[in-house]
Amino acid sequence: MNVCGIEWVVCLLVFSALFFLSPCIRFRQILLSGCNFGFVATWVPNLSGWMALALFTGAGFGAAVLLRRYPRKSLLAFYLILLLASFVIIKQYAFLKLLLPAEFFQRVIATVGWSYILFRQIQVAVDAYQSQIENLSLWNYLNFQFNVFGFIAGPIQRYQDFCKSWTELAPILTEAESILRAYLRVFVGVIKITLVAGVCLSLFQSVLRILSDPAAVRHESHGRQILQLAAMFYSYPLYVYFNFSGYCDMVIAGASLFGLKMPENFDRPGLSRNMIEFWTRWHRTLGFWIRDYIFTPMYKAIATHWPKKAGSLAFLCYFVAFFLAGLWHGSTWNFVAYGLLNGLGLAGTKLWETHLVKKRGRAGLRLYLQNPVIHVAAIVLTLNFVCLTMFCFATDLGQTYLVMKNVLSAAT
Amino acid sequence: MKAPTDEVQEVFRNVFGDETIVLTDDMTAADVPGWDSLGHLNLIIALEKRFKIKFATAEIAKLKEDNQNAGTLLALIARKLR
């Protein structure tokens with residue numbers, strides 16, 4: 001069942017009304033739980049899919065229970081290595097094709113939602129190890145993992161934050177105006193996905209078709225080729241933005257109708273003045289997750305063991321953390337390129353800031369940041385860099401190369 | 001137990017290289033130049049060293065949320081020193 005589909009919206013309206021009329025917390029939990037498992041069932045095609053999903057999520061719960069009782073670093077490390085290895089194998093990452101025989105890739109397991117399950121597993125395991133989880137139960141955990149409002153594509157919520165709403169599940173929107181606002185946001189989400197994102201995608205696809213054909217490119221004037229290339233360059237990121245932010249509008253507003261408070265995932269990303277800021281505005285819950293569970297431990301380890309080198313190695317932490325984040329987005333080589341560009345963008349931002357502080361001091365940096373011309377230039381530069389990163393996965397790398405080759409050979 | 005505000009203030013001054021910082025409960029990251037993600041981590045590491053305490057990943061993340069301020073940090077340190 002697609003989140004933007006009519007079935008999803010109808011189910012949302014019907015079940016949220018039932019939720020509102022439900023007499024007690026237990027009833028509301030059972031109702032929402034039914035929605036969660038019912039929704040997941042529409043994505044799991046067969047028994048082997050269910051078994052794989054049960055094993056993957058069940059192992060996460062078992063590990064969390066063990067880590068709460070025996071908070072050993074070796075146990076956490078063992079579990080994380082096992083988890084990541086199984087994830088990479090099941091998702092059949094492209095680089096495995098260089099290492100494993102072709103027969104290995106013939107059996108495919110449906111893995112919708114697994115990338116987000118992975119994030120939640122790691123969060124629960126690390127927080128359980130650090131005694132940050134108070135009420136861990138299988139019932140809570142399964143509903144947290146299969147939460148219909150975060151299962152497919154986030155937002156990534158912490159187990160503790162989910163439990164705050166879940167254990168006292170009750171309508172949080174009680175006035176007509178706030179309920180209407182939530183319905184309106186769902187409607188805005190539908191328009192963003194079906195209309196705006198749809199138009200952007202069809203523009204991208206039609207231009208891609210032209211630019212992939214050498215004969216068609218030769219017939220276009222030089223000015224039109226540049227226009228088409230620009231349309232292709234900007235329409236895909238716009239499609240991604242409207243599609244994803246529309247989805248987030250729908251699930252965040254939908255969750256509020258069921259008494260759940262989901263974290264916001266977008267905060268005007270087009271206004272970011274550098275790549276570090278971009279990841280606090282775009283897919284924020286992912287940016288924060290990377291900061292907390294990859295960047296923080298890596299930087300803390302460096303700063304603890306080599307305090308004098310920490311400052312100069314910070315850019316390396318940014319690079320590694322966001323390179324891995326890029327890789328997580330997909331299993332093909334496109335995402336290696338996407339990860340590399342993001343890693344370079346963030347590391348470059350940090351290096352530039354360090355350079356400015358060294359040269360001008362903190363006060364000088366403040367003046368630099370307040371300069372309106374530099375501010376606008378930084379926003380434009382960041383926006384274009386972001387579009388470039390997304391260009392990596394708009395098509396496969398071979399097709400991107402073909403488009404660029406066609407345009408360049410026609411121009412010369 | 002109350003958090004040793006003077007000592008925490010000294011850590012702030014060392015980490016952010018600004019001797020004029022006066023720590024108040026309602027102070028936020030926006031009030032201190034350099035208190036970004038990396039500055040926050042440097043502060044946490046310095047506080048851990050100074051008070052011989054450990055902050056969990058979830059606690060460090062929580063302190064970065066929008067409604068948090070120096071008062072929340074002081075309260076957390078006080079709880080850990082208890």
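The values are calculated or read from the model by the stated rules, or taken from the named source; none is laboratory data. Please read all numbers here as calculations on a predicted model, not as lab measurements. Don't worry about glycine lacking a Cβ; one is built from the backbone with ideal geometry, like all the others, and counts go over all protein chains shown. Please note that ligands, DNA and RNA were not included when accessible areas were found on the heavy atoms of the full protein model with its side chains. Shrake-Rupley method; radii C 1.70, N 1.55, O 1.52, S 1.80 Å.
Dipole size in debye (nearest 20) for region B:5-81 around its Cα centre, Lys and Arg Cβ +1, Asp and Glu Cβ -1?
500 debye
What FRET efficiency comes out for A:ALA54 versus B:ALA78 if R0 is 30 angstrom and r is the Cβ-Cβ distance? Round to the nearest 0.05.
After rounding, the FRET efficiency stands at 0.10.
How large is the dipole of the protein assembly as shown about the Cα centre if only Lys and Arg carry +1 and Asp and Glu carry -1, each at its Cβ, rounded to the nearest 20 debye? Write down the numbers at each step before the final one.
Details: 45 positive and 30 negative charges, 224 e Å.
So the magnitude is around 1080 debye.
Report the local net charge at A:ALA216: Lys and Arg +1, Asp and Glu -1, summed over other residues whose C-beta lies under 15 Å from its C-beta.
Here the charged neighbours net out to +2.
For peptide B:50-61, how many partner chain Cβ atoms fall within 10 Å of a residue's Cβ, on average?
4
Where does helix A:310-328 land angle-wise versus the long Cα axis of chain A, in degrees 0 to 90, nearest 10?
The two axes meet at around 80 degrees.
For the charge dipole of chain A, defined by +1 on Lys and Arg C-beta atoms and -1 on Asp and Glu C-beta atoms about the Cα centroid, which residue among A:GLY339, A:TRP139, A:VAL357 has the Cα displaced farthest towards the positive pole?
A:VAL357
Which trypsin sites (Lys or Arg not before Pro) does region A:16-94 hold that lie in a coil by DSSP with at most 12 other beta carbons within 10 Å?
Counting only loop positions with at most 12 other Cβ atoms within 10 Å, the trypsin sites (Lys or Arg not before Pro) in region A:16-94 are A:ARG72.
Say the dipole of region B:5-81 comes from +1 at the beta carbon of Lys and Arg and -1 at that of Asp and Glu; which of B:LEU38, B:ASN69, B:THR24 then lies farthest toward its positive end?
About the Cα centre, the residue reaching furthest to the positive side is B:LEU38.
Cα-based count: Lys pairs in chain A below 27 Å, eight or more positions apart or different chains?
Step by step, the pairs that qualify in chain A add up to 19.
In the neighborhood of A:LYS405, defined by Cβ-to-Cβ distances under 13 Å, what is the net charge if each Lys or Arg adds +1 and each Asp or Glu adds -1?
On the way: positive: A:ARG218; negative: A:ASP213.
Taking every other residue near A:LYS405 into account, the sum is 0.
Total Å² of accessible surface buried at the A-B contact, 1.4 Å probe, nearest 100?
1700 Å²
Mind listing the phi-derived Karplus ³J(HN,Hα) values for region A:82-91, rounded to whole Hz, using 6.51, -1.76 and 1.60 with θ = phi - 60°, and x for any glycine or proline?
After applying 6.51 cos²θ - 1.76 cosθ + 1.60, I find 4, 4, 5, 5, 5, 5, 4, 5, 5, 6 Hz.
Using the Cα gyration tensor of region B:5-81, with a ≥ b ≥ c the square roots of its eigenvalues, what is the shape: rounded (a/c below 1.5), prolate (a/b larger than b/c) or oblate (neither)?
Judged from the Cα gyration tensor, region B:5-81 comes out rounded (a/c under 1.5).
Farthest toward the dipole's positive end in chain A, which of A:LEU118, A:ILE191, A:LEU13, given Cβ charges of +1 (Lys, Arg) and -1 (Asp, Glu) about the Cα centre?
A:LEU118
Taking Cα atoms, how many degrees apart are the long axis of helix A:397-411 and the longest axis of chain A, rounded to 10 and kept between 0 and 90?
20 degrees
Short version: ³J(HN,Hα) in whole Hz for each residue of region B:36-50, in order, from phi by Karplus 6.51 cos²θ - 1.76 cosθ + 1.60 (θ = phi - 60°), x for Gly and Pro, what are they?
After applying 6.51 cos²θ - 1.76 cosθ + 1.60, I find 9, 4, 6, x, 4, 5, 4, 5, 4, 4, 5, 5, 4, 5, 5 Hz.
Need the full-extension length gain, A:LEU397 to A:HIS305, defined as separation in residues times 0.36 nm minus the C-alpha distance. One decimal, nm.
Working: separation 92, 0.36 × 92 = 33.12 nm, distance 4.00 nm.
Gain on extension, A:LEU397 to A:HIS305, equals 29.1 nm.
What shape does region A:221-325 have by the C-alpha gyration tensor, where a ≥ b ≥ c are the square roots of the eigenvalues, rounded means a/c under 1.5, and otherwise prolate means a/b greater than b/c and oblate the rest? Let's see the in-between values first.
Values: a/c = 3.61, a/b = 1.28, b/c = 2.83.
Oblate, because a/c is 1.5 or more while a/b does not exceed b/c.
Mind pulling up the Rg/Rh value for chain A? Radius of gyration and Kirkwood radius, both on Cα.
Working: Rg = 23.3 Å, Rh = 23.7 Å.
Radius of gyration relative to Kirkwood radius: 0.98.
Measure off, as a whole percent, the carbon and sulfur share of the 1.4 Å-probe accessible area of the protein assembly as shown, all protein chains present.
66 percent
How would you classify region A:42-187 from its alpha-carbon gyration tensor, with a ≥ b ≥ c the square roots of the eigenvalues: rounded for a/c under 1.5, else prolate if a/b is greater than b/c, otherwise oblate?
It comes out oblate by the Cα gyration axes.
Taking a spot 7 Å from the Cα of A:ARG360 along the direction of its beta carbon, which residues of region A:371-406 have an amide N less than 19 Å from it?
Counting backbone N atoms under 19 Å from the label point, the list is A:371-382.
Residues with beta-carbon under 10 Å from that of A:PHE162, excluding A:PHE162: net charge, scoring Lys, Arg +1 and Asp, Glu -1?
On the way: positive: A:ARG120, A:ARG158, A:LYS164, A:LYS261; negative: A:ASP161.
Combined, the nearby Lys, Arg, Asp and Glu give +3.
On a 0 to 90° scale, report how tilted helix A:176-191 is relative to the longest principal axis of chain A, with both axes built from alpha carbons and the result rounded to the nearest 10.
Between the helix axis and the principal axis of chain A, the angle is about 40 degrees.
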